[in-house]
Amino acid sequence: MPDTTPMTAKARASSNIAFIKYWGNSDHTLRIPVNPSLSMNLDGLYTETTSTWTGDTSAHTLFLNGEVITEGPALKRVSGYLNDLKQRYEISGHCVVESSNNFPMGAGIASSASAFAALALSATTAAGLELPEHELSALARLGSGSASRSIPGGFVEWQVGKSHETSVASTIAPADHWDLVDVIGIVSAEHKSVGSARGHAMADTSVLQKARVASAFDRFEVCKQAVLDRDFETFASVVEMDSNVMHAVMMTSVPSLFYWQPASIGVMQAVRQWRADGLSVCYTLDAGPNVHCICAAADAQAVQTHLENIAGVTKVLTARPGGPAMLINA
Ligand code: DP6
């Protein structure tokens, strides 16, 4: 008799914050990016996902934060992803996916990054596969580009690559390399109206995207060296520049994508002042209004206290550099 025991695995993956941004693809289906990106995993801001392959259901099943999702874009995206995995690795049956985040979804803290990293690891492990890190990173990328960077630990680069197999992320320095803290000013915890997938597809409609991409390779190298050298001054100027350039592209896309809220600008201006006053802090924003204030650990408490006093900041989260995606006990 064939073994019909459901196969289960549970994984945890951290979100990450990009210092050099991924914005635009050369291949939208495979999510091959137009420029390399660089990020830090965020310890303590994670997705935990249990995947169970079973022959007992007629479709994939998705639970998000305890609630079953019976229709809509999230189910479609996850089901499409699982079907792709089934085909690539000849997996039979359907998957029951139970995923939960410990931070607000869709507001500029990359929930798709941690979600697809945790899903790639749990679903392939549940199917009996033991894949190397670079292959898991490529698989996570198929679900969400930034998820490729949540598979390895610490400070991570994602090289453009030329194919599915070579567009992968890897660690440039472990989590304990540099004592940085991401102090996140939450301005809105609502789900963003235009998700990144549509934004990437629109990037080329901006007259600025060509210039952004052409200059991103240099910013990537400068930022990587600044991380390796723990050179905060260089790091701060290139990180802020890269965020500003990406948001300039977003704002000048057709139709225009405008993620900033008044409080986002308030925080950015305050951060520049705090730096002028001597704190080692800089800002960066992903596809949402929340402001990630990256600072030296020694300044994190001061940055947090300042942030809490800015009008429009509803909550402050902090995260240190995080480790790789990992399996945990189901
Ligand atoms: C602005 O990885 O969320 O956060 O591949 O469509 O899921 P999809 O896009 P996603 O894009 C992230 C964009 C960003 C910058 C970054 O994290 O590099």
Being polar (S, T, N, Q) and within 20 Å of the chain's Cα centre (by Cα) is the requirement here; does T314 meet it?
no
Looking across the stretch 198-220 at residues that are assigned to a helix (DSSP H, G or I) and hydroxyl-bearing (S, T, Y), the single one that is farthest from N25 (Cα to Cα) is S215
Out of (1) under 18 Å from the mean Cα position of the chain (by Cα); (2) touching a residue at least 24 places away in the same chain (Cβ under 8 Å); (3) outside any loop (DSSP other than H, G, I, E, B), the one K10 does not meet is (1)
Regarding the stretch 139-150, can at least one residue be identified that is open to solvent by 10 Å² or more (accessible area, probe 1.4 Å), within 26 Å of V96 (Cβ to Cβ) and within 16 Å of the ligand (Cβ to nearest atom)? yes
The number of residues in the stretch 295-316 that are closer than 15 Å to G278 by Cα and surrounded by fewer than 16 Cβ atoms within 10 Å (Cβ to Cβ) is 3
Q: Examine the stretch 276-289 for a residue that is within 16 Å of the ligand (Cβ to nearest atom) and open to solvent by 60 Å² or more (accessible area, probe 1.4 Å), and state whether such a residue exists.
A: no
Among (1) open to solvent by 10 Å² or more (accessible area, probe 1.4 Å); (2) touching a residue at least 12 places away in the same chain (Cβ under 8 Å), E130 falls short only on (2)
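Evaluate the following for V271: is it without any contact (Cβ under 8 Å) to a residue 40 or more places away in the chain, out of contact with any His (no Cβ under 6 Å at 6 or more places or on another chain) and closer than 20 Å to V187 by Cα? Outline the logic, then answer.
Working: without any contact (Cβ under 8 Å) to a residue 40 or more places away in the chain: yes; out of contact with any His (no Cβ under 6 Å at 6 or more places or on another chain): yes; closer than 20 Å to V187 by Cα: yes.
Yes; evaluated as a whole, the condition is true for this residue.
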Going through the stretch 9-19 in order, the residues found to be of a type in the set (G, A, S) and either more than 9 Å from the ligand (Cβ to nearest atom) or surrounded by fewer than 24 Cβ atoms within 10 Å (Cβ to Cβ) (or both) are A9, A11, A13, S14, S15
Given the conditions (1) open to solvent by less than 60 Å² (accessible area, probe 1.4 Å); (2) hydrophobic (A, V, I, L, M, F, W, C); (3) more than 16 Å from the ligand (Cβ to nearest atom), every one holds for M246 apart from (3)
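The values are calculated or read from the model by the stated rules, or taken from the named source; none is laboratory data. Computed from a prediction, not measured in an experiment: that's the story for all the values here. Methodologically, a virtual Cβ is constructed for each residue, glycine included, from the backbone with ideal geometry; neighbour enumeration extends over all protein chains shown. We work out accessible area using only protein heavy atoms, side chains counted, and drop any ligands, DNA or RNA first. Shrake-Rupley method; radii C 1.70, N 1.55, O 1.52, S 1.80 Å.
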